[in-house]
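**Student:** I'd like to ask some things about the structure below.
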Amino acid sequence: MKEKIRLLLKIHRTDKKGPSFKIFLGDTLLDEKNNYFEEFYENTFLLELDPGKHFLIIEHFNKQPRDTVVKDGKILSDVAIQLESIYFNGIKCHLVDLHENYFYVSNWKYPVKSPFKNNLFFGYNGKYVYEFQSPSTKYVLSTHKKYKKEHNQLQELDITEDEFIKQLREYVSDGN
């Protein structure tokens, strides 16, 4: 089945160095950039995929801890990539779905707890693995439906904490 995958990454770089990264579908290398200095990376891949499970992999490599520029405890600049969006056949993946996938740290000189999720900023060497199903349109629409249901169950309260406590006390006292 023909699938169109569009990927958008925000690039973080210092004056001297840009990130190096590779894009894979499973074991197949789709693209590689070394010392990339643009503000964004955007590419569309037209692929023939069999039905079933697939893995889109974004690998960040060749970073050293010294590539993070820090002054007075604040990060001034960094060499990293940040996943902004993935589209399948023109349909944008749900942001919650992107956060539910894992980043696996590799080739880092200091110990880091790995894997981790709920982070789309890839500042360590490692691989972000996005798992999806083909046909991808059906998969992406199902994730939108799933996360829409979860968001509908959550309602933000547009009141202060004190007002909430006051209303809660009134509710409890009326029930007795």
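The values are calculated or read from the model by the stated rules, or taken from the named source; none is laboratory data. Computed from a prediction, not measured in an experiment: that's the story for all the values here. Glycine also receives a Cβ, built like all others from the backbone with ideal geometry; neighbour counts cover every protein chain displayed.
**Student:** Any residue that is closer than 16 Å to Ile11 by Cβ, within 10 Å of the chain's Cα centre (by Cα), at pLDDT 95 or above and surrounded by 13 or more Cβ atoms within 10 Å (Cβ to Cβ) - is there at least one of those in region 103-120? Can you show your working first?
**Tutor:** Taking region 103-120 and keeping what is closer than 16 Å to Ile11 by Cβ, we get 120.
Filter once more, keeping what is within 10 Å of the chain's Cα centre (by Cα): 120.
Okay, now just the ones that are also at pLDDT 95 or above, so 120.
Among the residues that remain, those that are also surrounded by 13 or more Cβ atoms within 10 Å (Cβ to Cβ) are: 120.
The answer is yes, given that some residue of region 103-120 is closer than 16 Å to Ile11 by Cβ, within 10 Å of the chain's Cα centre (by Cα), at pLDDT 95 or above and surrounded by 13 or more Cβ atoms within 10 Å (Cβ to Cβ).
**Student:** Just checking, how many residues over region 15-36 are more than 17 Å from the chain's Cα centre (by Cα), surrounded by fewer than 17 Cβ atoms within 10 Å (Cβ to Cβ) and either at pLDDT below 95 or among the basic types (Lys, Arg) (or both)?
**Tutor:** Qualifying residue count, region 15-36: 2.
**Student:** On to the next question. Quick one: Gln64 ticks every box in (1) more than 23 Å from Ser134 (Cα to Cα); (2) at pLDDT below 95; (3) exposed (fewer than 11 other Cβ atoms within 10 Å of the Cβ) except a single one, so which number is it?
**Tutor:** Looking at each condition in turn, Gln64 falls short on (3).
**Student:** So Ile11 clears everything in (1) at pLDDT below 95; (2) more than 30 Å from Pro135 (Cβ to Cβ); (3) assigned to a strand (DSSP E or B) except one condition, right? Which one?
**Tutor:** Ile11 satisfies all of (1) at pLDDT below 95; (2) more than 30 Å from Pro135 (Cβ to Cβ); (3) assigned to a strand (DSSP E or B) except (1).
**Student:** I need a count of the residues in region 87-145 that are β-branched (Val, Ile, Thr) and touching a Ser or Thr at 6+ places or on another chain (Cβ under 9 Å).
**Tutor:** Count: 3.
**Student:** Give all pairs with beta carbons closer than 7 Å in which a residue from region 92-119 that is under 15 Å from Tyr139 (Cα atoms) meets a residue that is of a type in the set (Gly, Ala, Ser); count only pairs at least 6 apart in sequence or on separate chains.
**Tutor:** Pairs found: Lys92/Ser85; Cys93/Ser85.
**Student:** Sticking with this one: When you go through Ile58, Ile11 one by one, which is the residue that is under 27 Å from His144 (Cβ atoms), touching a strand residue (DSSP E or B) at 6+ places or on another chain (Cβ under 8 Å) and surrounded by 16 or more Cβ atoms within 10 Å (Cβ to Cβ)? Talk me through it step by step, then tell me what you get.
**Tutor:** On the way: Ile11 fails: under 27 Å from His144 (Cβ atoms).
Exactly one residue qualifies, and that residue is Ile58.
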